[in-house]
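Structure incoming, see below.
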Amino acid sequence: VTRRVPASGRRGAPAPAAPPLGTAEFDPSDPALVDNPYPTYARLRREAPVLYLPGHDVWIVSRYADVTSVLRDPATFSSAVGMSPDFGAGTGAATGIGYRFGGPDVRVLISMDPPDHLVFRRAVAGLFTPSSVAAAHGRAHALAAECVADLVRNAGSGQADFCADVAGPLPVLMLADLFGVPAAMRGEFRAWASVMSADLSRGGQPDDVGRGMAMFRYFDSELRKARNQPQRTLFGAIAAAQGKGPTHRELLAFCAFLLAAGLETTTNLLTNLLAALFEFPAVQERLRERPELIDDAVEEALRYDTSIQGLWRGTTRPVELGGQHIPASARMMVLFGSANRDERQFADPGRFLLGRDGNPHVGFGAGPHYCLGARLARLEVAAALRALLAATSWIEPAGDPERIDSVVLRGLTRQPVRVHPR
Ligand code: HEM
């Protein structure tokens, strides 16, 4: 689905001595940046916290204070002007398949601004409430245990891949469950999920059209059913938003958007968390002794190596940020991944620490667009980690990982592992 590149494992390597940072240094096609962006981020924060890249016509924002002030000021930094799945595409509009299927007048939550954004967001607020996510607790743990059992079984024949066995399937199975998708349709749901994930990283492809149409037909019929007969599924919660702002077609596009927003992000965070356990074996040991620190580990993964490294905004007026004058209608890339490593905000940011005294990471963003699925994502990642620790006495790499070739989505697509069963 996504281009894969071997990961070097040089994640924590210190930045080599280098001349002052120039505008060519943040090069999205540079394999070194994809492999380990953190040394570059550190230099950006230090030397050019708000940097204009003429080649891509985009401003890169890297310090925590600037990132959060952009995210919290949607009147100046618009999601409608800036959001696009393509790096530096500069289209000024959302172009993914989920959006295009809906048509040009179909609004998608992530690329809306106030006041419409707030109306839409309130309409779908019933989706991942504390009580609905708490109700999914048992199911998340059961599915996580099944995926980990597959991993342990495959490890017996030297075939275990954490991505294929756990990180990939778990979020798909969980979301299918929450939608109430029947078991017989799981395969199709997975195919739709991969279309939507691919859409997020490289825009829609012509081959995806047939699958996308089938997906929209299914969503359409399920939403209509849920409207006539209220149900406790995601379709039920989304159907309940009808009449509160979003149109029927916008709710259909929203169903598809959930697949794009909620699956690969969670998959990748799981892979990044595992990679951190490999990088810091003492953390794995500590979690085995004190499983009550699992939630801390999830938060720290969202800070230390989050799966969405950055997203876009566009300026609605000329504005000053980080000492730079930014014109109106400028595109900006807001680096969550860099803000999370800002030494001005976090003590010892390059270490994966359990039990930080507060962890205000921006792995789920900040401000009005703060991730709607954060509770669900936390539940899934914690469930997977708990199941992994429960079923094994140790887990370690058994081969080289492969990484997604993107500066936006960060995660592994392959991680062979060896496990020592209990
Ligand atoms: C670890 C996994 C996840 C990460 C790292 C993540 C990250 C994010 C981030 C950074 C944003 C803010 C976007 C912005 O400011 O422009 C966001 C928004 C959103 N996320 Fe997540 N997300 C994750 C999982 C999920 C899941 C599981 C779902 C639902 C199934 C979900 C649904 C959404 C939605 C609907 C929005 C748009 C909210 C809005 O625009 O008001 N996410 N997510």
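The values are calculated or read from the model by the stated rules, or taken from the named source; none is laboratory data. These numbers come from a predicted model, not from an experiment. No Cβ is skipped: glycine too gets one built from the backbone with ideal geometry, and neighbour counts run over all protein chains shown. Please note that ligands, DNA and RNA were not included when accessible areas were found on the heavy atoms of the full protein model with its side chains. Shrake-Rupley method; radii C 1.70, N 1.55, O 1.52, S 1.80 Å.
Under 5 Å between amide hydrogens, which residues at least 5 positions from Leu311 or on another chain qualify, with H placed 1.01 Å from N in the peptide plane?
Amide H to amide H, under 5 Å and 5 or more residues apart or across chains, Leu311 pairs with Val334, Phe336.
Rg and Dmax of the chain over Cα atoms: what are they, in angstrom?
Every Cα atom of the chain included, Rg and Dmax give 20.8, 65 Å.
Taking amide H positions as placed in the peptide plane 1.01 Å from N, state which residues far from Trp394 in sequence (5 or more) or on other chains have amide H under 5 Å from it.
Amide H neighbours of Trp394, under 5 Å, 5+ apart: His420.
Could you please put Asp305, Asp295 in sequence from largest to smallest accessible area, using a 1.4 Å probe?
Values: Asp305 0, Asp295 95 Å².
Largest to smallest exposure gives the sequence Asp295, Asp305.
Can you work out ³J(HN,Hα) from phi for every residue in the stretch 174-180, in order, using Karplus 6.51 cos²θ - 1.76 cosθ + 1.60 and θ = phi - 60°, giving whole Hz and x for Gly and Pro?
For the stretch 174-180, the Karplus-derived couplings read 5, 5, 4, 4, 5, 6, x Hz, x marking Gly and Pro.
Taking θ as phi - 60°, what are the ³J(HN,Hα) couplings along the stretch 286-302 by the Karplus curve (6.51, -1.76, 1.60), each to the nearest whole Hz, with x for Gly and Pro?
Karplus values, whole Hz, x for Gly and Pro: 5, 5, 5, 6, 10, x, 5, 8, 4, 4, 4, 5, 5, 4, 5, 5, 5.
Give the peptides 113-119, 415-421 in descending order of average Cβ contacts within 10 Å, highest first. Please list the in-between numbers first.
On the way: 113-119: 14.4, 415-421: 18.0.
Ranked from most to least packed, the peptides come out as 415-421, 113-119.
Gly411's amide H: which non-local residues (gap 5+, or another chain) put their own amide H closer than 5 Å, with H modeled 1.01 Å from N in plane and none for Pro or chain starts?
Under 5 Å from the amide H of Gly411: Ile404.
Through the Karplus equation 6.51 cos²θ - 1.76 cosθ + 1.60, θ set to phi - 60°, convert the phi angles of the stretch 53-67 into ³J(HN,Hα) values in whole Hz; use x for Gly and Pro.
In residue order, the calculated couplings are 9, x, x, 10, 6, 9, 9, 9, 10, 10, 8, 3, 4, 6, 4 Hz.
What value, in deg cm²/dmol to 500, does the helix sum -39500 (n - 2.57) over DSSP H runs of n ≥ 4 give at 222 nm once divided by the residues of the chain?
That comes out to -14000 deg cm²/dmol.
How big, on average over all directions, is the shadow cast by the Cα convex hull of the stretch 116-179, in nm²? All intermediate terms of the calculation are to be shown ahead of the outcome.
Working: hull surface 20.9 nm².
Projected area, direction-averaged: 5.2 nm².
Which length gain, in nm to one decimal place, applies between Ala145 and Ala328 when the Cα-Cα distance is subtracted from 0.36 nm times their residue separation?
Values: separation 183, 0.36 × 183 = 65.88 nm, distance 5.06 nm.
Difference between extended and current length: 60.8 nm.
A further question on this structure: Test of the criteria: in the stretch 284-375, which trypsin sites (Lys or Arg not before Pro) are in a DSSP loop and have at most 11 other Cβ atoms within 10 angstrom of their Cβ?
On the way: sites: Arg286, Arg288, Arg303, Arg313, Arg331, Arg341, Arg344, Arg351, Arg356, Arg375; in loops: Arg341, Arg344, Arg351, Arg356.
Here the sparse-neighbourhood loop sites are Arg344.
If we count every other residue with Cβ under 13 angstrom of Ser132's Cβ, Lys/Arg +1 and Asp/Glu -1, where does the sum land? The partial results should precede the final answer.
Working: positive: Arg139, Arg232, Arg375; negative: Asp177.
Local net charge: +2.
For the stretch 257-320, give the percent of accessible area contributed by carbon and sulfur heavy atoms, probe 1.4 Å, rounded to a whole number. Intermediate results must be reported in sequence, preceding the final value.
On the way: 1070 of 1930 Å².
Within the stretch 257-320, the accessible surface is 55 percent carbon and sulfur.
Now for a separate question. Which order, highest average first, do 220-231, 265-276 follow once you tally other Cβ atoms within 10 Å for each residue and take the mean per peptide?
Numbers: 220-231: 14.8, 265-276: 25.4.
Ranking, from highest mean packing down: 265-276, 220-231.
For a paramagnetic label modelled at 7 Å from the Cα of His137 toward its Cβ, which residues of the stretch 278-295 fall within the zone defined by backbone nitrogen distances under 16 Å?
292-295
Here is a further query. Within the set of other residues whose C-beta is less than 14 Å from the C-beta of Gln231, count the net charge using Lys and Arg as +1 and Asp and Glu as -1. Display every interim value, and only then the final one.
Working: positive: Arg224, Lys225, Arg227, Arg232; negative: Asp177, Glu222.
Overall, the nearby charge balance is +2.
With r as the distance between the Cβ atoms of Ser157 and Ala183 and R0 = 30 Å, compute the FRET efficiency 1/(1 + (r/R0)^6) and round to 0.05.
Numbers: r = 26 Å, r/R0 = 0.87.
Result of the calculation: an efficiency of 0.70.
Now for a different question. Only residues of the stretch 345-383 count here: report those whose backbone N is under 19 Å from the spot 7 Å along Cα→Cβ of Glu47, or say none.
So the set is empty, nothing qualifies.
For Ala214 and Asp116 in the same chain, what is the full-extension length gain: residue separation times 0.36 nm, less their Cα-Cα distance, in nm? Provide the component values of the computation, followed by the final result.
On the way: separation 98, 0.36 × 98 = 35.28 nm, distance 2.90 nm.
Gain on extension, Ala214 to Asp116, equals 32.4 nm.
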